[in-house]
């Protein structure tokens, strides 16, 4: 098991939770973030927790020399790579930004990994690499064809291919390199101790948006499409709690060895509808807020949720926090204490 781990994007929502878990497990963590979208407030809290086992570097993953030096200086054995832009709409408007940040920069990151002879790499991929699977692929298995329909999904799929090619070259040279591509769905909730949470600007994720309405920070919420072929007519998605998600990353990291190439879908294996999210948020918060209805958005499939059988059968991992109210309650706990995110 790795004792020194680099977490890229470690000041972001998911990355910060990864750093927190690794520190709790007694590991040394090198947290790298350029703070373009990460939060310095998260770094401050992680620094308090980690003491001399935590090192933060404000750096870009495309800076090969800096990353290589950090990897060598701290004896890093595994890289957990979360740093990425992740807004689908923005990727359509600015595709080159996404290919530059999410794909091209990983060429330099992997070059630094090669320079430092790091042998394990856990990649934060996405279900967006699958595009719009047909009904025969719901729930979505790992063998579902990967046909992304936006630059965000494509930018992540390119990294998966890059990892495959790099791993093959290392194997030919007789050198160990193992990696995992973890494709996950909607990440939700917050650290249940209330130390870390979700803080995006702008916020586009459904559960935080609905909670902001419950807090009175939005005028209400709008449902896009109520005529889908689902039980209540609204879209269904898989919501995996962020602590479960990170537990999967740690489980996979511990399992990687030799020339392993692992690909897992991470989720709870079923979905919740938009209307169920809204109703559960009202139930958990006790708040009422306006709910409007509008037409479908282009490209929104009726339902998307994971078939997480592979990681269960191979590594005995399953999500533990699957009750919708508990997922929302953890986010509500964070937002009540931090209505303005890390800024207050």
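The values are calculated or read from the model by the stated rules, or taken from the named source; none is laboratory data. In this text the structure is predicted, and so the values were computed from the model without any measurement. Note that we place each Cβ from the backbone using ideal geometry, even for glycine, and neighbour counts take in every protein chain shown.
Of note:
- Restricting the first member to the stretch 47-65 and to residues that are without any contact (Cβ under 8 Å) to a residue 40 or more places away in the chain, and the second to residues that are assigned to a helix (DSSP H, G or I) and surrounded by 16 or more Cβ atoms within 10 Å (Cβ to Cβ), the beta-carbon pairs closer than 7 Å and six or more apart or on different chains are 50/23; 53/23; 54/23; 54/46; 57/70; 59/66; 59/67.
- Taking the listed residues 166, 152, 130, the one that is touching a strand residue (DSSP E or B) at 6+ places or on another chain (Cβ under 9 Å), within 16 Å of residue 81 (Cα to Cα) and crowded, with 22+ Cβ neighbours inside 10 Å is 152, with no other qualifying.
- Filter result (within 30 Å of residue 341 (Cα to Cα) and over 24 Å from the mean Cα position of the chain (by Cα)) within the stretch 41-65: 51, 52
- Among the candidates 122, 118, residue that is part of a loop (DSSP other than H, G, I, E, B), surrounded by 22 or more Cβ atoms within 10 Å (Cβ to Cβ) and at pLDDT 95 or above: 118
- Exactly one residue among 132, 136, 203 is part of a helix (DSSP H, G or I) and at pLDDT below 95, and that residue is 136.
- Flag if residue 142 is in contact with a helix residue (DSSP H, G or I) (Cβ under 7 Å, 6 or more places away or on another chain) and either part of a helix (DSSP H, G or I) or modelled with pLDDT of 95 or more (or both): yes
- Helices (runs of 4 or more DSSP H) wholly inside the stretch 246-344 that include at least 2 residues being within 17 Å of residue 191 (Cβ to Cβ): 324-337
- Within the stretch 267-295, being free of Cβ contacts under 8 Å to residues at least 24 places away in the same chain and either farther than 20 Å from residue 233 by Cβ or buried (at least 20 other Cβ atoms within 10 Å of the Cβ) (or both) holds for 286, 288.
- Taking the criterion of being in a helix (DSSP H, G or I), out of contact with any strand residue (DSSP E or B) (no Cβ under 9 Å at 6 or more places or on another chain) and not assigned by TED's automatic domain parsing to the domain that holds residue 125, the residues of the stretch 207-245 that qualify are 211, 214.
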